[in-house]
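This report concerns only the one structure given below.
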Amino acid sequence: MKFTAPRGTKDILPQDIPVWRHIEDTARQTFCIYGFNEIRTPIFESTELFERGIGDDTDIIQKEMYTFLDKGNRSITLRPEGTAPVVRAFLQNKLYSSGQTSKLFYSGPMFRYERPQAGRYRQFHQIGVENLGADHPSADAEVIAMGFHLFEKLKIKNLKVYINSIGDAICRPVVEERIKQFLALNLKNLSPDLQKKFEHKPLRILDSKDEKVQLYLSGMPNMIDSLSQKSKDHFNSVLDYLTTLKIPFEVRPTLVRGLEYYSETVFEIVADDLDGAKNTLCGGGRYDKLVEEFGGPKTPAVGFAFGVERAALLIQKQKKFKTKLSPNFYVAPLGFSQQSRCFKLINDLRKHGIHCEFDYSKTDLKGHLKVANQLSASHAIIYGENEANKKAVLIKDMTTGAQTDMSLRKLPGYLMKLCLL
Ligand code: AMP
């Protein structure tokens, strides 16, 4: 074989599509119930959009972007995440002009040059939501609850919300100082890469994927104590709403997200059945300054994104999804002269929305019935000279073998009823 899919990418094969469609459809329905509308943005954007939005010191910007110069010498990047593009579209199209909050959702491929492993790819798919314009803690709780309800609807088990607050720009220096005091005790044991972040971006150290670092961090003092009263009140109010909605959560003082734009609430929804560090199904939080950073009006915002590959993996692992095959029909012409009539019949049935198949490489009934079996057709529709003279067909139930005569006139209605059974 000459060609294989690029490292870190994978084909989504026909047998995987039903679970993907199920996730996408359930997400759309759920988001619509909560008043979110779909937005679609380009797969590539100017590199600067992500550099400004995500933050220079993040792994995404430093190591993971698919960046290239286009033929016009512009620096272009395949989107590594969906929030910066949605905020760009929100501003460019003045979606803020109604004065209402904009509740948006998106879905599509994202690209990060990461080390590929189970549940982590270089092209992966995210579905995400953004509530732009809402500063009330109920908006944080609303998106968390919506994500949680979506995964419950998908019958994903053992879900938990990890939540933390990293405070706003005013109390962030205090939070960072606290973290530095703790990390200073063990600085020499951190990798040179992490040591570089110590001075200016200590929060990024908390985001390290290194298990030893994470173990050490588990002893860190609670960041919540260093928050301003305003940030504490916001966070406690989010927790109260979650308690009211009976969403199981755990405050995780070391939780920060890998994107620089977050402020105040950050959260993850995790599922125990995803392994180790990759058990995060969904990540999100508040980003009150990003719209202003991009030159827009003051617009507090909150959102999340989840990985479709990880959701599909869980659903398949937990065996929560059974594909219900709608009965399909195989149309068998008896004799070469009937092929053209059958072709017309198949076309008419398909126009009625009936799924039927044929295979004209077969010429005798035995061959046709074999193909009908291979395709798992529920019924074969046999159409020979005799049937044509009577303006009828013979329907053979492929499970029981029972045969029924049916007039051509009544055939579409009869098959449609079978599809409903
Ligand atoms: P993030 O955009 O990093 O906050 O990630 C949000 C969610 O997207 C994660 O919880 C994962 O489910 C998914 N995700 C992020 N990166 C990858 C990746 N490289 N491969 C597969 N899924 C990913």
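Just a few scattered comments:
- All C-alpha to C-alpha distances of the range 237-396, sorted into 10 Å bins beginning at zero, yield P(r) values of 9, 23, 16, 10, 12, 15, 12, 3 percent in whole numbers.
- Of all the options Glu250, Glu357, Glu45, the one that moves most in a Gaussian network model of the chain with Cα springs shorter than 10 angstrom is Glu357.
- Three-way shape call for the range 332-392 based on the alpha-carbon gyration tensor, with the a/c threshold at 1.5: oblate
- Applying 1/(1 + (r/R0)^6) with r as the Cβ-Cβ distance of Lys298 and Gln339 and R0 = 51 angstrom yields a FRET efficiency of 0.15.
- Value of D in µm² per second that Stokes-Einstein yields for the range 57-188, Kirkwood Rh from Cα pairs, at 10 °C (1.306 mPa s): 86 µm²/s
- Remark: for residue pairs Lys160/Lys197; Lys366/Lys390; Lys188/Lys209; Lys197/Lys298; Lys366/Lys417; Lys103/Lys289, the C-alpha separation exceeds 20 Å in Lys160/Lys197; Lys366/Lys390; Lys197/Lys298; Lys366/Lys417.
- Solvent-accessible surface ranking, highest first, for Met416, Met1 at 1.4 angstrom: Met1, Met416
- 3J(HN,Hα) from dihedral phi, the range 101-108, Karplus parametrisation 6.51/-1.76/1.60, rounded to Hz, x for glycine, proline: 6, 9, 9, 10, 9, 9, 7, x
- Rounded to 10°, Cα long-axis angle of helix 339-351 versus longest principal axis of the chain: 40 degrees
- Karplus-derived HN-Hα couplings along the range 287-304 (A = 6.51, B = -1.76, C = 1.60, θ = phi - 60°), whole Hz, x at Gly and Pro: 9, 6, 10, 5, 5, 5, 4, 8, x, x, x, 4, 9, x, 8, 8, x, 8
- Ranked by the mean number of other Cβ atoms within 10 Å per residue, highest first, peptides 196-202, 83-89 order as 83-89, 196-202.
- Cα-based shape type of the range 205-306, given that a ≥ b ≥ c are square roots of the gyration tensor eigenvalues and the cut on a/c is 1.5: rounded
- Distance cut-off 34 Å, percentage of C-alpha pairs in the chain lying past it: 45 percent
The values are calculated or read from the model by the stated rules, or taken from the named source; none is laboratory data. A quick note: this is a predicted structure, and the numbers were derived from the prediction, not measured. Neighbour counts are summed over all protein chains in view; Cβ atoms, including those assigned to glycine, are modelled from backbone coordinates with ideal geometry. Protein only, heavy atoms only, side chains kept; ligands, DNA and RNA dropped before computing areas. Shrake-Rupley method; radii C 1.70, N 1.55, O 1.52, S 1.80 Å.
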